[in-house]
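The numbers here are math on the coordinates, done by the rules we state, and not lab data. Source: prediction; values computed, not measured.
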Amino acid sequence: MLGVSRAGLHRTDVTEGRRRAADPPWTERLREWIQQYLTFGYRRLWVLLRFRDGFVVNRKAVYRVLKEKGWFVHQRVSTPRPRVQGWTSRASRSNERWAMDVTHIACGQDGWAHLAAVIDCHDREVIGYEFALRSRAKEAARAVEAACFARFGTLRPMGAPVLRSDHGLIFQSRQFRQACRDYRLP
């Protein structure tokens, strides 16, 4: 009708010609609160301005002023902890190094069961295990006991292998560590 396409018509951005507004009257008081409480965020500072000082101010306005002035608290960057290398545990012969872990198995209506297993790192054979309803140090010690019986025929073998685990709560308990000392497992 006008001979101009609709794509050519658009609104002009009203913020282009707008001047930056003057700082609100509570900006100086905000700066004082920040100097007094260095770790407070914008919500806490808003509470101080609104309820202690009586300024009628919006949280978003406090956020905007902090952003414009660069007064935000710099968040400490939490870097991820270095993960354990996923190396394969290698042993040059059988009964040199054993690894142990506990896994949890869903058993339908009966809930969860727990499998503590000991594996020989050389031939990758499960040499001892304990399948139980609970995941306690007692069950883990029984799995080590089964491994000692299966490989050596006794609980206190001479020249026992090194036992490696993920240092979970079970493996750090006094009962499990005492059992390993009793079985001569370093």
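A simple rule links phi to the HN-Hα coupling: the Karplus curve 6.51 cos²θ - 1.76 cosθ + 1.60 with θ = phi - 60°, which for segment 143-157 gives 5, 5, 4, 5, 5, 5, 5, 5, 8, 10, x, 8, 7, 10, x Hz, with x for Gly and Pro.
Scanning residues 5 or more positions from Leu163 or on other chains, those with amide H under 5 Å from its amide H are Trp98, with H placed 1.01 Å from N in the peptide plane.
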